[in-house]
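Read the structure below first, then the notes.
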Amino acid sequence: MKDDEFNFGLLVPDDEKVLKLFKSIRWSNGVYCPICSSKNVIKHGFVGKIELQRYTCKECEKHFNDLTGTIFADKRIPLGESFYIITQLDKKSIKRLSEELGRKWETVNNLAKDFKKCLENNTKDPLLQGKIEIDEMYIYAGDKGIKKTNHEKEEKNNEEEAHIKQTNHP
């Protein structure tokens, strides 16, 4: 967020608190290597302003941190702002979010696109099981908006002509 502006209604979470929450969710079953899925990892210092824990995998000997393999990896936007953007996507436009945070529209849009793509790739359709009941309902709403065929038009014209002849009969 820009230092020269202060928005009283904007509640951007603290980076450290978001990282703590993120780590508790991501590593809920223990830390594992995102490359080879091994749990044989050791801590290997910290990296970045918010001190992301750095790890080394003893199996594949690759280095990774808490954000490796996520949409937040290699982003310059702070973690708190990223979390704010993601939680507000259904309530606010990308333009409004970019203006509130003092970020370029493209930056906010790229994060939103990455998040949506991640959701698409990792969300499966629900599998229905057991007994499932489905009700049907059909409501007739009339013929308004439906084009009539030539046959129907001819019948209507004949009916109107017959009605006119009956009313004009001496």
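Considering only protein heavy atoms, with the full assembly of protein chains and a 1.4 angstrom probe, order Trp105, Trp27 by accessible area, largest first.
From most exposed to least exposed: Trp105, Trp27.
So how tilted is helix 15-26 from the main axis of the chain? Cα-based, degrees 0 to 90, rounded to 10.
80
Using a 1.4 Å probe on the protein heavy atoms, what percent of the accessible area of the range 33-169 belongs to carbon and sulfur?
Percent of accessible area from carbon and sulfur atoms in the range 33-169: 50.
On a 1.4 Å probe surface of the protein chains, which of Val31, Val108 comes out largest in accessible area, and what is the full order?
Final ranking, largest accessible area leading: Val31, Val108.
Pick from Glu133, Glu81, Glu154: which residue has the top mean-square fluctuation in a GNM of the chain where Cα pairs under 10 Å get a spring?
Result for the chain, Cα springs under 10 Å: Glu154 fluctuates most.
Give, in nm to one decimal, the length gained when the segment between Lys75 and Gln129 is fully stretched (0.36 nm per residue of separation minus the Cα-Cα distance).
15.4 nm
Here are a few candidate values for Kirkwood radius over Cα pairs in Å: (1) 16.3; (2) 22.0; (3) 17.4. Which one was actually calculated from the structure I just gave you?
Identified label for the calculated read-out: (2).
Using a 1.4 angstrom probe on the protein heavy atoms only, could you order Lys131, Lys153, Lys23 from most to least accessible area?
Final ranking, largest accessible area leading: Lys131, Lys153, Lys23.
Relative to the longest principal Cα axis of the chain, at what angle does helix 150-167 sit, 0 to 90 degrees, rounded to 10?
For helix 150-167, the angle is close to 40 degrees.
Need one value: the accessible area of Tyr32 in square angstrom, 1.4 angstrom probe, rounded to the nearest 10.
Answer for Tyr32: close to 80 Å² accessible.
The values are calculated or read from the model by the stated rules, or taken from the named source; none is laboratory data. Note that this is a predicted model, so its numbers are computed, not measured. SASA here: full protein model, heavy atoms, side chains in, ligands and nucleic acids out. Shrake-Rupley method; radii C 1.70, N 1.55, O 1.52, S 1.80 Å.
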